[in-house]
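**Q** Here it is, the structure, as structure tokens.
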Amino acid sequence: MRSAMKKATLAALMLGTLSTAPALAGGSFSITLTPQNAEQEQLMRAGLFAAGVANDMSKQGGIKQNGFGNVAGVLQNGFGNHGLVVQEGNGHNGTIQQHGNNHAYGLFQFGKNTNGHVVQNGYGQTGTTFQFGW
């Protein structure tokens, strides 16, 4: 009986120590979506265009930041390109470079301290990345 009580006490102490340990700091995760066929590409492009309109951006795209210490850039060489960088939170760093024609990309960063950079070369590439940091 005493042995069982010692084990239970030890287990309770260990669980108490684990629950008071600090949460992991400085983490992030990303989800990148790319269309697999023409129908998905058209749908994603329409969604990116709608997101641009909802965020008061031009048809070429733009940058919207809400927070402190964020850095963003969009560089476009060619025609028909659409690039969105939307940052909500603090300490984000994100860029989109589009070289060529008819590219579309959305980089959406939330939380804090995410780092994302996209380069599209050639013709007609489409994609979206969502990043979440803590």
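The values are calculated or read from the model by the stated rules, or taken from the named source; none is laboratory data. Remember, predicted model here, so these are calculated numbers, not experimental data. Here Cβ is always computed from backbone atoms with ideal geometry, including for glycine, and neighbour counts include all displayed protein chains.
**Q** Under 9 Å between Cβ atoms, which residue pairs at least 6 apart in sequence (or on different chains) link something in region 86-104 that is farther than 22 Å from ALA38 by Cα and in contact (Cβ under 8 Å) with a residue 12 or more places away in the chain with a partner that is part of a strand (DSSP E or B) and basic (Lys, Arg)?
**A** VAL86/LYS64; GLN87/LYS64; GLU88/LYS64; GLY89/LYS112; ASN90/LYS112; GLY91/LYS112; HIS92/LYS112
**Q** Taking the residues in region 2-56 that are modelled with pLDDT under 55 and not in a helix (DSSP H, G or I) as candidates, determine which candidate is farthest from the chain's Cα centre (by Cα).
**A** The residue in question is THR20.
**Q** Kindly provide the set of residues from region 23-48 that are more than 21 Å from GLN131 (Cβ to Cβ) and touching a residue at least 40 places away in the same chain (Cβ under 8 Å), ordered by number.
**A** Once the filter is applied, which keeps residues that are more than 21 Å from GLN131 (Cβ to Cβ) and touching a residue at least 40 places away in the same chain (Cβ under 8 Å), region 23-48 yields only GLU41.
**Q** Further, regarding this structure: On the given criteria, is GLY111 over 27 Å from ASN37 (Cβ atoms) and either touching a residue at least 40 places away in the same chain (Cβ under 8 Å) or surrounded by fewer than 17 Cβ atoms within 10 Å (Cβ to Cβ) (or both)?
**A** Values: over 27 Å from ASN37 (Cβ atoms): yes; either touching a residue at least 40 places away in the same chain (Cβ under 8 Å) or surrounded by fewer than 17 Cβ atoms within 10 Å (Cβ to Cβ) (or both): yes.
Considered against the rule, which asks whether it is over 27 Å from ASN37 (Cβ atoms) and either touching a residue at least 40 places away in the same chain (Cβ under 8 Å) or surrounded by fewer than 17 Cβ atoms within 10 Å (Cβ to Cβ) (or both), GLY111 comes out as yes.
**Q** Still on this model: Just to be sure before I move on: is GLY80 in a loop (DSSP other than H, G, I, E, B), over 10 Å from the mean Cα position of the chain (by Cα) and not charged (D, E, K, R) in the structure I sent? Can you show your working first?
**A** On the way: in a loop (DSSP other than H, G, I, E, B): yes; over 10 Å from the mean Cα position of the chain (by Cα): yes; not charged (D, E, K, R): yes.
It is true that GLY80 is in a loop (DSSP other than H, G, I, E, B), over 10 Å from the mean Cα position of the chain (by Cα) and not charged (D, E, K, R).
**Q** Only residues that are farther than 15 Å from GLY124 by Cβ and in a strand (DSSP E or B): list them for region 63-76, please.
**A** Step one: of region 63-76, the residues farther than 15 Å from GLY124 by Cβ are 63-75.
Answer for region 63-76, where residues must be farther than 15 Å from GLY124 by Cβ and in a strand (DSSP E or B): ILE63, LYS64, GLN65, ASN66, VAL71, ALA72, GLY73, VAL74, LEU75.
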